[in-house]
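For reference, the structure is listed below as C-alpha cells.
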Amino acid sequence: MFESLQSKAQEIIRAEYGIQNVNISWERPQQASFGDIATPVAMQLAKELKKNPKEIASTLAEKLQKDSSVEKAEVAGPGYVNVWLKPQALIDELKHTREACTAKVIKRGAPVVIDYSAPNIAKPLGIHHILSTVIGQVLGNLYRHSGTAVVGVNHVGDWGTQFGKLAVAYELWGMGKPMEKCTVEDLLALYVKFHEEAEKDASLEERGQVAFKRLEEGDQELRAFWEKVVAITLKELGVLYARLHVTFDHTHGESFYEEKMEPVIAEGKKKKVFLPGEKGALVVQYPEESGLPPAIVLKADGATIYMTRDLATVRYRLDTWKPQAVLYVVDVAQALYFRQLFAAVEQLGWNPPKLEHVQFGRMRFADKNMSTRKGNILRLEEVLDEAVKRAGELIESRGESIQSDDTVALAEMMGVGAVVYGILSQNRQSDLVFDWDRMLSFEGNSAPYLQYTHARARSVLRKADASDVALPAAVATLTEGERSLVGTLLRFPEVLEEALSGHLPHVLTHYLYQLCQAFNAFYNSEPILQAEKSQKSLRLALTSLTAAVLKCGAELLTLRVPDRM
C-alpha cells in the first residue's frame, strides 16, 4: 500500500511539475491526530520549483485524496501533507505485520559470522560480559529471523600468558587440591593471589611467562592442567548461557588456532606485511596516512599475541564459511585494535567480505571497579540471582494481582529478563547504565512491563476462548484507540529492518514499549469482550496480533513472556 502511494505521489509531481524520480519519504506522525502517514516532500521541492511549499502540498493533497486507499489528505504546518488511510486499507496492510512475526526460511548462501561473548577461561563472567553476550545473540536472532544464515562463534580466551601464571599459582598455593574439585572461583582466587604476590616478588612474572612458553611448546603436564581448567570453565559458562537463552554454533578458543598461525606468519613475511620491529619482534607497519601505530604480531621471544591469533581466526573463517560479513561484538575500548586488525587483513590481500566492529559503550554500575585482576569483579551470576530475588519479592508484594501457576519460573523470567532488557533498551553506541529500579519497574520501558502487557493480552483471549484470531474481512470504521494501535502494529516490519540494518537492538525495545503503551491505552478505552459482535471480532484480532508481535519481539531479544501474570 505504501509503495502504491509512493508511486502515486511521484506520478502527481511528474505530471504537475515535470520532476522525474523524486525521492518521497513517508513518516509516521507521533500523534494519530496528524494522520497515518505524512511527507515533507513539498518543502523539499519548494526551493527547486521556486514555489510556496504550502501550494505544492495543497496540490499533492488534493490529488492523493482521489486514491482508493486514502480517506483524507490535508496540508499541515509549513508544508507537510498528512494522509489518513481508509480503515480497510490499514487492516489489509496488517498482513505484513503478521508475516513479520514468523521467521523467514533460511536462505542458502554466504552466512554472517558473529563473534560474541568471548570470555576468558578460568574467570567467572562479570556483569560487563552481558553486553557482548546478549547484543551478539540478538543480532544473530535478527539475522536468522530475516532468513539470513548465521554462524555464531564464542571466541573464548583459552590461551596466553595468564595460563602460565595460573599454573605457577596452582603449584605454589593450590594446597594439593585436585583440579577436578576446583571451581572457577578457586581459579580466580589463584589468579588474584599470583598478582598480589607478584607485586612483592617480580620474579613470579618471569616464571609465569616461562610456564606459558613451555605450554606452547607442548609440555604434557601443563597441557593436562590447561585442559582441566578449560573444561571447568566451559561447564559453568554453559549454565549461565542457558539462563540467558544464549547459544553458539561453535566455541573456538584461541588455542584452536595454535597450528593455524604459522602459515599466516609465513605469508605475512613473504608479502613483507610483517616486518622486524624493536628487539626482534615482528610487527605490521601501516601506511602513514592511516594514522595507525605498528601492531605486534610476534613477540621478541617468539611468543604469539592476540593479533597473531586473530589473523589466523580471520583466515580460518574466510576459508571455512566464506561469509558475506564478519561481525565482532566487542566494546569500544578495542576500536583501535580492530582498525589495526582489519587494516592488516587488507594489506595481506585477503579480499575479505565486510568486517565490522559492532562496538558498544562501557558499563557503569554505581562506583564498582570491575577489574578482574584485583578480584572485585561484579559477577553476572550474582546479578541475575539478585534480580530474580527482587522479582520474587515484587511478585509476593503484589499478592493476588499477579497470578501464575509457577511463581518461581515467573520470577526467573522477570528477573533475568529485566537485566537483559535493561541493557538492550539503551543505545549500544553510548555508555550503558545499570539501574535496578528502572529494570524491575512494572511501568515504563522495562521487561516486566512488556511481560505484563503480553499476559494481559493473552488473558483477554483466554476469556474469549480464543487463541489466534484472524482479522475481519471487512472493516468500515476505526475508533481513535483502534487506529492508534493499528498504526503502531503496522510499524513492526520496518522496525525489524531498522534494528537489523543498524545492528541496534534498542530500536526494537523502544518499539515494543510503544506497542505496550498503545495496547494498554486501547485496552483501557475500548471495551473488547463487551463490544458488539463486529467490533469484538476486530478488537480480539488486534489483541491477538499484539500478543504475537510482543512474543516475537521479546524472543528476538532473548526474553520470554508469560501467558499469565
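The values are calculated or read from the model by the stated rules, or taken from the named source; none is laboratory data. Model, not experiment: these values are computed from the prediction. Virtual Cβ from ideal backbone geometry, glycine too; neighbours counted across all protein chains shown.
In the range 273-302, the qualifying residues are those that are small (Gly, Ala, Ser) and more than 35 Å from the chain's Cα centre (by Cα), and the one that is modelled with the lowest pLDDT is GLY302. Would you call GLN359 in a loop (DSSP other than H, G, I, E, B), closer than 26 Å to HIS510 by Cβ, modelled with pLDDT of 90 or more and in contact with a strand residue (DSSP E or B) (Cβ under 8 Å, 6 or more places away or on another chain)? Judged against the criteria, GLN359 is not a match. Answer yes or no: is there a residue in the range 530-543 that is without any contact (Cβ under 8 Å) to a residue 60 or more places away in the chain, under 25 Å from SER446 (Cα atoms), β-branched (Val, Ile, Thr) and outside the structural domain of GLN30 (by TED's automatic domain parsing). No: zero hits. Applying a threshold of 6 Å to beta carbon distances and a minimum spacing of six or more residues, or different chains, the list of pairs starting in the range 168-185 at a residue that is modelled with pLDDT of 90 or more and ending at one that is of a type in the set (Asp, Glu) reads VAL184/GLU236. The residues of the range 430-443 that are closer than 15 Å to HIS510 by Cα, without any contact (Cβ under 8 Å) to a residue 40 or more places away in the chain and not in a loop (DSSP other than H, G, I, E, B) amount to a single one, ARG438. Applying the condition of being among the hydrophobic types (A, V, I, L, M, F, W, C) and under 14 Å from PRO505 (Cα atoms) to the range 409-429 and asking which residue is nearest to the chain's Cα centre (by Cα) yields LEU424. Taking (1) over 30 Å from GLY415 (Cβ atoms); (2) surrounded by fewer than 18 Cβ atoms within 10 Å (Cβ to Cβ); (3) in contact with a Lys or Arg (Cβ under 7 Å, 6 or more places away or on another chain) in turn, PRO527 satisfies each apart from (3). The lone criterion from (1) surrounded by 12 or more Cβ atoms within 10 Å (Cβ to Cβ); (2) more than 13 Å from VAL229 (Cβ to Cβ); (3) of a type outside the set (Lys, Arg) left unmet by MET175 is number (1).
Mind listing just one residue for me: the one in the range 1-27 that is under 35 Å from the mean Cα position of the chain (by Cα) and among the acidic types (Asp, Glu) and, of those, farthest from ILE91 (Cα to Cα)?
Among them, the one singled out is GLU27.
Within the range 200-215, the set of residues being surrounded by fewer than 20 Cβ atoms within 10 Å (Cβ to Cβ) and assigned to a helix (DSSP H, G or I) comprises SER203, LEU204, GLU205, GLU206, ARG207, GLN209, VAL210, LYS213, ARG214.
For (1) of a type in the set (Ser, Thr, Tyr); (2) in contact with a strand residue (DSSP E or B) (Cβ under 6 Å, 6 or more places away or on another chain); (3) in a helix (DSSP H, G or I), each residue gets a yes or a no:
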| position | (1), (2), (3) |
| --- | --- |
| GLU258 | no, no, yes |
| VAL264 | no, no, yes |
| GLY268 | no, yes, yes |
| LYS279 | no, no, yes |
| VAL283 | no, yes, no |
| PRO293 | no, no, no |
| ILE296 | no, yes, no |
| MET307 | no, yes, yes |
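Say whether the condition of being more than 19 Å from GLU386 (Cα to Cα), polar (S, T, N, Q) and surrounded by 20 or more Cβ atoms within 10 Å (Cβ to Cβ) is met by at least one residue in the range 430-443. No, every residue in the range 430-443 fails to be more than 19 Å from GLU386 (Cα to Cα), polar (S, T, N, Q) and surrounded by 20 or more Cβ atoms within 10 Å (Cβ to Cβ).
Scan the range 385-400 and give yes if some residue there is at pLDDT below 95 and in a loop (DSSP other than H, G, I, E, B), otherwise no. Yes - at least one qualifying residue is present in the range 385-400. Considering the range 401-416, and only residues there that are of a type in the set (Ser, Thr, Tyr) and part of a helix (DSSP H, G or I), the residue that is modelled with the highest pLDDT turns out to be THR407.
When each of VAL469, VAL420 is tested for being modelled with pLDDT of 90 or more, part of a helix (DSSP H, G or I) and β-branched (Val, Ile, Thr), the lone residue that passes is VAL420.
Every condition in (1) of a type outside the set (A, V, I, L, M); (2) at pLDDT below 95; (3) under 28 Å from GLU356 (Cα atoms) is met by LYS533 except one, and the failing one is (3). Looking at VAL246, VAL283, just one residue is touching a Pro at 6+ places or on another chain (Cβ under 6 Å), in contact (Cβ under 8 Å) with a residue 12 or more places away in the chain and surrounded by 14 or more Cβ atoms within 10 Å (Cβ to Cβ), and that residue is VAL283. Looking across GLU227, GLU216, one residue alone is free of Cβ contacts under 8 Å to residues at least 24 places away in the same chain, assigned by TED's automatic domain parsing to the domain that holds THR161 and of a type outside the set (Ser, Thr, Tyr). It is GLU227.
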